[in-house]
Ligand code: AMP
């Protein structure tokens, strides 16, 4: 399935649309790194770094973390050797400046990304996120209905008690959806105008959505 040119997949979509789930499946299928800026930030927060401390206040309020901080973190990660063959971006870009910077970066490497927009109604998003939990230690995500842990409330990997992300509370989810509409939804036009956008309806099962994504590769 791979060509010699690196394969870069950008997963766009509102919070809770299934970007992380599909990125995990794609990572297994394509053997490419899954790079989630949200996961990178949560790792910084767990490790109590300066980046983590700066980011936390924005994340907790459902706001986007400033572009400079995100871009430094992301482009540092993209220099690592495992990214040479390509990668799956989940949660980046989220603003026009981020998309423009990424475009400059990829164009310099002659890489044309595959951009997939995962679309889902707000009501399903709210329902999905209210049942999402994760491990406070390793960050592994679960869904109490669709992807529960083997032992209730306990992480399969490190046996920690699972918790709900603070930013998955209903109040903050509503804020994140507003932020998405204002700052991230314009990226749909950005990529559509470049003939790079593929839309996938995410109300189907994760297996059906995955099959649709694979058919685009
Ligand atoms: P996620 O796990 O992708 O839902 O991201 C969780 C939170 O991290 C978001 O609500 C933002 O506060 C922050 N974040 C993640 N990615 C970005 C990004 N590309 N730009 C700005 N903030 C981000």
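Taken together, the values in this text are just the output of simple stated rules run on the coordinates, not laboratory data. This structure is a prediction, so every number in the text was calculated from the model and none was measured. Methodologically, a virtual Cβ is constructed for each residue, glycine included, from the backbone with ideal geometry; neighbour enumeration extends over all protein chains shown.
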Going through region 113-141 in order, the residues found to be under 21 Å from residue 170 (Cβ atoms), free of Cβ contacts under 8 Å to residues at least 40 places away in the same chain and buried (at least 18 other Cβ atoms within 10 Å of the Cβ) are 133, 134
For residue 57: the one exception among (1) more than 22 Å from residue 187 (Cβ to Cβ); (2) in contact with a helix residue (DSSP H, G or I) (Cβ under 8 Å, 6 or more places away or on another chain); (3) near the ligand (Cβ under 10 Å from one of its atoms)
(2)
Only residues that are out of contact with any strand residue (DSSP E or B) (no Cβ under 6 Å at 6 or more places or on another chain) and within 10 Å of the ligand (Cβ to nearest atom): list them for region 31-44, please.
37, 38, 39, 40, 41, 42
Checked against (1) within 17 Å of the chain's Cα centre (by Cα); (2) more than 13 Å from the ligand (Cβ to nearest atom); (3) surrounded by 16 or more Cβ atoms within 10 Å (Cβ to Cβ), residue 83 satisfies every condition except (3)
For the condition touching a helix residue (DSSP H, G or I) at 6+ places or on another chain (Cβ under 6 Å) and under 30 Å from residue 161 (Cα atoms), what is the one hit in 128, 132, 94?
132
Can you tell me how many residues within region 31-75 are in a helix (DSSP H, G or I), more than 27 Å from residue 181 (Cβ to Cβ) and within 17 Å of the chain's Cα centre (by Cα)?
1
